[in-house]
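Reading through the structure tokens given below for one structure.
The values are calculated or read from the model by the stated rules, or taken from the named source; none is laboratory data. Keep in mind the model is a prediction, meaning the values are calculated, not measured. With ideal geometry, Cβ positions are generated from the backbone for all residues, glycine too; neighbour counts draw on all protein chains shown. The accessibility values were calculated without ligands, DNA or RNA, using every heavy atom of the protein model including side chains. Shrake-Rupley method; radii C 1.70, N 1.55, O 1.52, S 1.80 Å.
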Amino acid sequence: MSKRSLTFICQNCGAAAHRWQGKCEACGEWNTLAEEGAERPAGPGRKPGKGRLFALEGLSGEAHDAPRLPSGVAELDRVTGGGFVRGSVLLMAGDPGIGKSTLLIQAAAAMARAGHRAVYISGEEAVAQVRLRAERLALRDAPVELAAETSVEDIVATLSEGKTPRLIVIDSIQTMWTELVESAPGTVTQVRGSAQALIRYAKRSGAAIILVGHVTKDGQIAGPRVVEHMVDAVLSFEGDGSHQFRILRAVKNRFGPTDEIGVFEMTGAGLREVANPSELFLSERDLGSPGTAVFAGMEGTRPLLVEIQALVAPTSLGTPRRAVVGWDPSRLSMVIAVLEAHCGVKLGGYDVYLNVAGGMRIQEPAADLAAAAALVSSLANAPLPADAVYFGEVSLSGAIRPVAQAPARLKEAAKLGFTRAVVPEAAKTEGGDSGLKASFVASLSGLVADIAARGNKSRHSESGRGADE
Ligand code: TYD
Ligand code: MG
């Protein structure tokens, strides 16, 4: 036996192997095994089989107050479910440069201004750099406590002195290291060890901790998927470089919903909250061109209108292309299959591109109808009415199925000046006092016929937009 136990840890999935291998047997990735020192047991001087006795308690006992403290950033509170829970640990994941540090210094400043102790530990930037950013954000007067540190033991020791902070930001977990683990910072074992130590401190002290985690090219939280399982909530901060807005989404939340989103806009003076995202997503609409449909969606409890754009173009390839941005590719395949099988729309000779405008990502099946309308509109070269919204789920038989929260969707559309809605027939029963003129569709073939008729009409008469229905 060697003096020091060494293991090889897969940097992708965290699986351990006793000898080096080219391929990880657990996740199948190549070249991900790295030699790391084994973790030492956390408790000092524990002998196996000699545990401390503890008392078991009933469910009816006194529940310790798990009060939430709103961060002061309303869009962030919406996603966490009302604020930071005492003693909880939250992972904020996102691409480098997306604005994680900016959002968190803003949240820490808001907390500090409200009179709570807020600490910001940066492992990536020097204190001066963080100050510079704070200056740009006009936050210099906020009493946030700053430090540039990476040793978890030092951080815990320092924070244990004095009043327990209400919020601690650790930017980022990949730069932290703990003495309990012998591997280099950034490795799976080190990240896991550091996260464990910080989680233990949060539970013990009641402070809320936010860990910043970088995401790798393929969207995974770099190295440590393992951290995701250890924390109470995982928020992902998304957006792309070409758009100003950023979306905060809960991927996991032990204390709140996971379907709410927070919308921010990156401005010269930091992140601005966007209270009415529909206006933002529709602001640069391309009115009157074929292939665009407005989808009345829901994100959690908030209705959200977005534009779905489709382009159907003759293909020069043997296998036509199907490309999707912002929606589920398998749902696109399904909608195309239903159009072909039940509506006589042949797309085999066409490339199909589908894009959700503005960098938004839709997860609801309710977008089926809007996607189908955009596809048919592009194929028939027939613009859809500019004042209409669409929602409904397409079933494999070609029927349009009702979706949840139809009244809220209709109300939002009416608020933004839309005057008609193309909706599933079953939405009739849900009361339509929104003031929109509803066109009820029972099947996808009915919708296809309507759009094709528009196409013919606009080809035959110059005005195009006339007395349809
Ligand atoms: P940052 O918060 O450092 O990103 P992360 O911590 O996720 O890596 O944000 C960096 C980007 O944000 C950078 O490209 C500049 C931009 N930015 C602004 O546009 N306005 C601002 O006020 C700030 C502080 C940053
Ligand atoms: Mg940063």
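A few points about this structure:
- Positive dipole terminus of the chain, leading residue within Leu311, Ser151, Gly99 (C-beta point charges): Ser151
- By the helix-only formula, in which each DSSP H run with n ≥ 4 contributes -39500 (n - 2.57) and the sum is divided by residues, the chain has a 222 nm mean residue ellipticity of -8000 deg cm²/dmol.
- Measuring nothing but protein heavy atoms, the accessible surface of the chain at 1.4 Å probe radius is 53 percent carbon and sulfur.
- For segment 280-468, the spread of Cα positions along the three principal axes, ordered from largest to smallest, is 48, 38, 34 Å.
- Listed residue pairs exceeding 26 Å between alpha carbons, taken from Lys203/Lys252; Lys252/Lys411; Lys346/Lys411; Lys23/Lys252; Lys100/Lys415: Lys252/Lys411; Lys346/Lys411; Lys23/Lys252; Lys100/Lys415
- Between segment 120-198 and segment 10-32, the alpha-carbon center distance in angstrom: 30 Å
- Of all DSSP bridge pairs formed entirely within the chain, close to 55 percent run antiparallel.
- Each residue of segment 129-140 was assigned a 3J(HN,Hα) from its phi angle through the Karplus expression (A = 6.51, B = -1.76, C = 1.60, θ = phi - 60°), giving 5, 5, 4, 4, 4, 4, 5, 4, 8, 6, 10, 4 Hz with x at Gly and Pro.
- Local electrostatic count, Ala310, Cβ distance below 14 Å [Lys/Arg +1, Asp/Glu -1]: -1
- Proximity of backbone amide H atoms, modeled 1.01 Å from N, is registered between Lys252 and Val234 at under 5 Å, excluding neighbours fewer than 5 places apart on the same chain.
- Ratio Rg/Rh, restricted to segment 132-279 and using Cα atoms, in which Rh is the Kirkwood radius: 0.98
- Prolate/oblate/rounded call for the chain, Cα gyration tensor, a/c under 1.5 rounded: prolate
- Seen through its C-alpha gyration tensor, with square-root eigenvalues sorted a ≥ b ≥ c, segment 229-331 comes out prolate because a/c lies at 1.5 or above while a/b is bigger than b/c.
- You can think of it this way: the chain between Val127 and Ala386 has 88.1 nm of extra reach, that is 0.36 nm per residue less the Cα-Cα gap.
- Sequence-ordered 3J(HN,Hα) estimates for segment 169-177 from the Karplus curve with 6.51, -1.76 and 1.60 and θ = phi - 60° stand at 9, 10, 10, 10, 5, 5, 9, 7, 9 Hz, glycine and proline given as x.
- Distance from the Cα centroid of segment 382-409 to that of segment 275-291 is 17 Å (rounded to whole angstrom).
- Ala147 versus Leu56: modelled label distance in nm, points set 7 Å from Cα along the beta carbon direction: 4.0 nm
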